[in-house]
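Here's the structure we're looking at; comments come further down.
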């Protein structure tokens, strides 16, 4: 496990579209289907990451609180399940049901969506406004496994509240940190080495 921060890129980019399977319903889901009128949170997680496990209850609480207020929420796992079978589809479904996800949990087998969002870690948050432009790529809060900071979702809640009340989102954002996304080993032609 390598502690990895969210990649800091300029805000304001349009949410990349996706069409991925939801491991609970078995249905394909797109960004257009899950987006909210007030905003949309697209976040990357996995089943076994201790950083995700540490905060998952608060992410679920926030989703329950803000989805009825016009926000779309979706979780995506992009980990290589061949080398990390604990992140497989059946385990994803068990994880979502265990935590009572009120949101879709999608599987990005090709890892193309993680790359499109420039996701680097789990958890990695992307909050889009009602025009589908990214306004937040920060942390949930200051809590991490083994530190004593409370898991309260303070930073993400502040950004969601700004959108809810049509206020600007603070550009001073601390990146999330977590386990690196488990990328597939690149395959392809390699010249013969003498």
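The values are calculated or read from the model by the stated rules, or taken from the named source; none is laboratory data. None of the values given here were measured: they were computed from a predicted structure. Ideal geometry is used to build each Cβ from the backbone, glycine not excepted, and the neighbour counts take in all protein chains shown.
Structure notes:
- Identity of the residue in region 127-184, in contact with a strand residue (DSSP E or B) (Cβ under 6 Å, 6 or more places away or on another chain) and part of a helix (DSSP H, G or I), that ends up surrounded by the most Cβ atoms within 10 Å (Cβ to Cβ): 163
- Within region 1-37, if we keep just the residues that are touching a strand residue (DSSP E or B) at 6+ places or on another chain (Cβ under 8 Å) and free of Cβ contacts under 8 Å to residues at least 24 places away in the same chain, the residue that is farthest from residue 110 (Cα to Cα) turns out to be 27.
- Selection within region 91-110 - touching a residue at least 60 places away in the same chain (Cβ under 8 Å) and part of a helix (DSSP H, G or I): 92, 93, 96, 97
- Annotation: residue 114 fulfils all but one of (1) in a loop (DSSP other than H, G, I, E, B); (2) in contact (Cβ under 8 Å) with a residue 24 or more places away in the chain; (3) closer than 18 Å to residue 52 by Cβ; (4) out of contact with any helix residue (DSSP H, G or I) (no Cβ under 9 Å at 6 or more places or on another chain); the unmet one is (1).
- Matching strands (runs of 3 or more DSSP E) fully within region 28-90 where at least 1 residues are modelled with pLDDT of 95 or more and more than 15 Å from the chain's Cα centre (by Cα): 28-30
- Pairs, first on the phi < 0 side of the Ramachandran plot and surrounded by 19 or more Cβ atoms within 10 Å (Cβ to Cβ) in region 54-70, second assigned to a helix (DSSP H, G or I) and at pLDDT 95 or above, C-beta under 6 Å, six or more apart: 56/99; 66/160
- Check on residue 139, under 12 Å from the mean Cα position of the chain (by Cα) and either closer than 27 Å to residue 21 by Cβ or modelled with pLDDT of 95 or more (or both): yes
- Residue-level check: of (1) surrounded by 16 or more Cβ atoms within 10 Å (Cβ to Cβ); (2) at negative phi, residue 82 misses just (1).
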